[in-house]
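Here's a structure for you.
The values are calculated or read from the model by the stated rules, or taken from the named source; none is laboratory data. Only a predicted model underlies this, so the values are computations on that prediction, with no experimental measurement involved. Note: ideal-geometry Cβ built from the backbone for every residue, glycine included; neighbour counts use all protein chains shown.
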Amino acid sequence: MTPETINATASGTRTLGDLTVNRLGFGAMRLTAKADGTASDRDRAVAVLRRAVELGVNHIDTAAFYFSPLRSANELINTALAPYADDLVIATKVWAGRDPSGEWRWASPAQLRGQVEENLRQLGRDHLDVVNLRVPRREADDSIAEHFGALADLREAGLVRHLGVSNVSAAQLAEARAIAPVVCVQNACAIGVRREELEFVRACGEQGIAYVPFFAIAGRGREAGVTGTEHDPVLTVARAHGVSPARIRVAWTLGLGPHVLAIPGTGDPAHLEENVAAGALRLTEEDMAVLSSVPNV
């Protein structure tokens, strides 16, 4: 596949409410700093965003808390892509936040409006396409009704078009859906994920909800990126297709079902093309079976 033929449209499409996106999207976290914490290059980050859109990417995942001492993902997106194309969908996250020193702060329900307005200001928009309620890990079994209800009020006020939830259980999803429509679930999911999460992926599809995995390439490395050696089953499938393990990991994500969206992120133009090219790769049932032997992460 040459750069001229790489396009996110090869991944197929999916709806987020009334918005249609290509299933191969882009995650903005890596734009602000490299995995080792060193500063990213601003011009290169802007170029990556513009190239992503050239390659057919029309779904970008971001957050106001994606920033480093020198870079803000939302500001980079605004600089690179405004005025925004009509078909470009930008999804962001609230509840989680960081103060200027980088320390994490978790918003009260009353503070969610301020977080939404911060995203609006940074992105230069009058409404947000999709806002995910990012649930803290420590509240994995707790009620999210108060926070999600406050976010639903912002949707009614016209500041938010569609709502999603992130880092949630099936019970929390059900709780949110009883309050307002949920268009997507955004959870950590990669090759080797536990069976319970794969069952949740399938359940989302049955309910007509898009599932958007994060850390699909990094796996257990999470924010630190890919760590350690690659698993043998991933290498086996990669060699069979003549592609990189990263491309196999993105293709595996899309292979979970037509309701699954991929949002691999990078600040490297070559890696961007590699990730987008994965949208055209179709893994066989045999490939998926081989990959299912990777140990749980």
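For the stretch 47-59, give me the residue count where each residue is surrounded by 17 or more Cβ atoms within 10 Å (Cβ to Cβ) and without any contact (Cβ under 8 Å) to a residue 60 or more places away in the chain.
Residues meeting the conditions: 3.
Just give me the residues in the stretch 108-147 being hydrophobic (A, V, I, L, M, F, W, C) and either in contact (Cβ under 8 Å) with a residue 40 or more places away in the chain or farther than 23 Å from GLY27 by Cα (or both), in sequence order.
ALA110, LEU112, VAL116, LEU123, VAL130, VAL131, LEU133, VAL135, ALA140, ILE144, ALA145
For the stretch 226-297, please list each of the helices (runs of 4 or more DSSP H) lying entirely inside it that holds at least 1 residues being under 16 Å from the mean Cα position of the chain (by Cα) and under 19 Å from PHE26 (Cβ atoms).
By residue number, 245-254, 269-277.
crowded, with 17+ Cβ neighbours inside 10 Å, out of contact with any Phe, Trp or Tyr (no Cβ under 8 Å at 6 or more places or on another chain), more than 25 Å from THR20 (Cβ to Cβ) and among the small types (Gly, Ala, Ser), is that true of ALA145?
Answer is no for this residue.
Still on this model: So which of ALA240, ALA280, ALA262 is among the hydrophobic types (A, V, I, L, M, F, W, C), surrounded by 23 or more Cβ atoms within 10 Å (Cβ to Cβ) and modelled with pLDDT of 95 or more? So that I can check it myself, show each step before the final result.
On the way: ALA240 fails: surrounded by 23 or more Cβ atoms within 10 Å (Cβ to Cβ); ALA280 fails: surrounded by 23 or more Cβ atoms within 10 Å (Cβ to Cβ).
Result: ALA262 is the single residue among ALA240, ALA280, ALA262 that is among the hydrophobic types (A, V, I, L, M, F, W, C), surrounded by 23 or more Cβ atoms within 10 Å (Cβ to Cβ) and modelled with pLDDT of 95 or more.
Out of the stretch 233-273, which residues are of a type in the set (A, V, I, L, M, F, W, C), in contact (Cβ under 8 Å) with a residue 12 or more places away in the chain and out of contact with any Ser or Thr (no Cβ under 8 Å at 6 or more places or on another chain)? Reasoning before the result, please.
Within the stretch 233-273, the first condition is being of a type in the set (A, V, I, L, M, F, W, C), and the residues that meet it are 234-235, 237-238, 240, 243, 246, 248, 250-252, 254, 256, 260-263, 270, 272.
Filter once more, keeping what is in contact (Cβ under 8 Å) with a residue 12 or more places away in the chain: 234, 237, 240, 243, 246, 248, 250-252, 254, 256, 260-263, 272.
VAL234, VAL237, ALA240, VAL243, ALA246, ILE248, VAL250, ALA251, TRP252, LEU256, LEU261, ILE263, listed by residue number.
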